[in-house]
Structure formats: C-alpha cells, structure tokens
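Novice: Take a look at the following structure, please.
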Amino acid sequence: MADRTFEIARLPGFATIAVLAFVALYLPIFTLSIYSFNAGNSVAVWQGWSLKWYHDAWSNAAVKSATVRSLVIAVWAAVISTAVATMAALGTTRRAAFRGQTFIYVVINQPLMVPEIVTAVALLIFFGVIKQWTGYQGLGYLIAAHSAFCVPFAYLPIRARLEGMDLSLETAAADLYATPWQAFRRVTLPLLAPGMIAGAMLAFVISLDDVVITEFVKSGGQDTLPTYMLGQMRRAITPEVNAISTVLLGLTVVLLTAFFLLTRNKD
C-alpha cells in the first residue's frame, strides 16, 4: 500500500521557494557584511578590501559612547525583565488554573501584540509627565521602557522551561521538610537557570536592537548605537555604518546560538 503521509517538502516547487526565501532574507545581510570591508567611501561601489571602516568606528568617540550606553541599558533591561518574567512565570505555572489567568497572559504579552509605535508614544507621554514633575532626565526612563518591553521575550522561554520541569522533584523536596524558599533555591532555581539565562539573552538582544521606543523616550545626548546609526544614515551613508552593523550582527548570532543551545530539547 502506497505511503499517503503528507509532507510539505514533497510539494512541487517547495525547494525552489525555500531557496528564494533564504536568498531574499540573507543576501542583503551578506552584501552588507562584505561592503563593510570596502576600501572606498561608497556603499554601492566596490573599491578593494580594507579594515578602514572598522578602525574608524573603533576610533569614533560618539560610537564608543553610544555603544557603552546601549550595553548598559541592555544589561539592566535583561536583568530587570528576567527577574519580573521569572516571578510571572512562577505565578502562572506553579499553581492550579484560576479565573483571570488568560487575562494575565494577555497583559504580560501585550508588548508583542500592540504595535511598537503605540507603545513608544504612550511611554513618551507617560515619561513626559514624570519628567515635568521630577526634573529627572537620566537613563532611568530608557532602562524602564526597555525592561517593560523585554518582559514577554524573557517570559516565554522561562515559562516553557517551567512547564517542561518535573513537578514531583519540588513535591519531594516539600515532603523532606524543605521550606518553599529552600525548595525554590535548591531544586527549582537550578533547573530553571537555563531558561532564565536564555530569557535574559533574548531580552538583551531585543533591547540592544531597539530603535522605535528608544527614539521616542530618549533625551538629548542619550543616543544608543541603533539611534546613532539611524542619525548617521540621515546625514550621509558610509561603510562605517556597515561595519557597526556587521559587529552587531556577529554579537546577535553568538547570543542567539547560545539561546538555541540552552533551550533545545535533550534526549
């Protein structure tokens, strides 16, 4: 009897469409990386190999300042959002189903469903009122905005890790007279650590890459690396932007690879 199992890979033209999709996705990124080594000033005309633009970016004080600011914001956002997401995941998975649970899921994942520009405008108005009351203009607003936006990105892998954990281990700890805190610290937390690290890395990448919310919330002199690059492209596009983009791409690939290794299923 003929095998009637449906496999999408057997459909006519599947391989062609897959190849075209990958080319459309990755050819522009590959081109950007290649032209970051262009010796000339053009981003479209190849004039030989050179590390000039990497050197210029490394020597640019504005790039260094924006990079340090981006890393500070991303680290704080990753730490805060991971802590909040961990508490939210524990509160929504380590208990019986309750009324309003779906609503809580919606609230936690709201930044994923609402257009980012809407969130940015809302934060602009909200923080504008606070700035008038307090007079504070520091990085705290960017850290708070990025932390709130990154919570669902940290929450999803942490919740997935919790749902895949064996609850009987925590029950056994309670049977052995462990307090809730002892059971969490000695059983739940070590098992949950890979999910927390994965969530923190994902939040870090999302924060590091954000433009829209940062552009609306930041005060003068608070450019992050993405907003600095956006400003440069409005004035004049040079391969220096390609060099910075390639470095960011490399960092993102490393973090996402680590994220995949931490969250993949193991036999």
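The values are calculated or read from the model by the stated rules, or taken from the named source; none is laboratory data. Source: prediction; values computed, not measured. Here the Cβ is made from the backbone with ideal geometry for all residues, glycine too, and neighbour counts use every protein chain on show.
Novice: Within region 72-95, does at least one residue satisfy the condition of being at pLDDT below 85 and more than 24 Å from the chain's Cα centre (by Cα)?
Specialist: yes
Novice: A further question on this structure: For region 1-40, how many residues are within 30 Å of G250 (Cα to Cα), polar (S, T, N, Q) and either surrounded by 10 or more Cβ atoms within 10 Å (Cβ to Cβ) or modelled with pLDDT under 85 (or both)?
Specialist: So the answer is 4.
Novice: Using the structure shown, decide if T134 is touching a Leu at 6+ places or on another chain (Cβ under 8 Å), modelled with pLDDT of 85 or more and farther than 23 Å from L225 by Cα.
Specialist: Judged against the criteria, T134 is not a match.
Novice: Still on this structure: Can you give me the ranges of the helices (runs of 4 or more DSSP H) entirely in region 195-266 with at least 3 residues that are at pLDDT below 80?
Specialist: Correct list: 225-235, 239-263.
Novice: So Y155 fits all but one of (1) in a helix (DSSP H, G or I); (2) of a type in the set (S, T, Y); (3) more than 18 Å from the chain's Cα centre (by Cα); what number is the exception?
Specialist: All conditions pass for Y155, except number (3).
Novice: Further question: Given the condition without any contact (Cβ under 8 Å) to a residue 12 or more places away in the chain and loosely packed, with under 12 Cβ neighbours inside 10 Å, answer yes or no: does some residue in region 140-153 qualify?
Specialist: No, the conditions are met nowhere in region 140-153.
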